[in-house]
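Heads up: the structure comes next, in structure tokens.
Every number in this text was worked out from the coordinates using simple rules, so none of it is lab data. Model, not experiment: these values are computed from the prediction. Cβ: placed from backbone, ideal geometry, glycine included. Neighbour counts: every protein chain shown.
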Amino acid sequence: MTNAPTPAEIGTINGWHAHVYYDPGTRAQAATLRDWVEQRYPVRMGRWHDVPVGPHPSAMYQIAFDNVVFADIAAFLSINRQGLIILLHPNTAHPRADHLHHAYWLGAILPLNASVLPEDA
């Protein structure tokens, strides 16, 4: 079994991102959710992107947060997402795998543009 993969250690996760997707008709819900998260958790909010950027197929903003609040934020987003689609992914040294294989989707799974995601950071 020389080719067997070895498990990754939790220390390899340097934090998390949540990408909140919206369109012109759901931007108000996205703004409300953003306010709720900012009021409750120690996060770093990304800019509003009203057009697709990077691998993301629609308008979105990013929420960056540390490992210690993952469970609380994931639970909060799960029950308060107001019908929005959210991608949660870890930040490791492997951005492509983080977005495509290690991610959690709240709502529908959207196709990401993998061609812009590097294998390694």
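On a 0 to 90 degree scale, rounded to 10, what angle separates helix 70-80 from the longest Cα axis of the chain?
Roughly 40 degrees between the two axes.
With angles folded into 0 to 90 degrees, how steeply does helix 27-40 sit against the dominant principal axis of the chain? Use alpha carbons for both and round to 10.
Roughly 70 degrees, rounded to the nearest 10.
With +1 on the Cβ of every Lys and Arg and -1 on the Cβ of every Asp and Glu, and nothing else charged, how large is the dipole of the chain about its Cα centre, in debye rounded to the nearest 20?
260
Give the Kirkwood hydrodynamic radius (Å, one decimal) of the chain, defined as one over the mean of 1/r across all pairs of different Cα atoms.
Hydrodynamic radius (Kirkwood, Cα only) of the chain equals 15.1 Å.
Can you give the local net charge around ALA75? Use residues other than it whose beta-carbon is closer than 12 angstrom to its beta-carbon, Lys and Arg +1, Asp and Glu -1.
Result for the local shell: +1.
Can you give the helix-only mean residue ellipticity at 222 nm for the chain, where every DSSP H stretch with n ≥ 4 adds -39500 (n - 2.57) and the sum goes over all residues, rounded to the nearest 500 deg cm²/dmol?
-7500 deg cm²/dmol
Over segment 8-121, what is the relative contact order in percent, taking alpha-carbon pairs closer than 8 angstrom and at least six residues apart?
33
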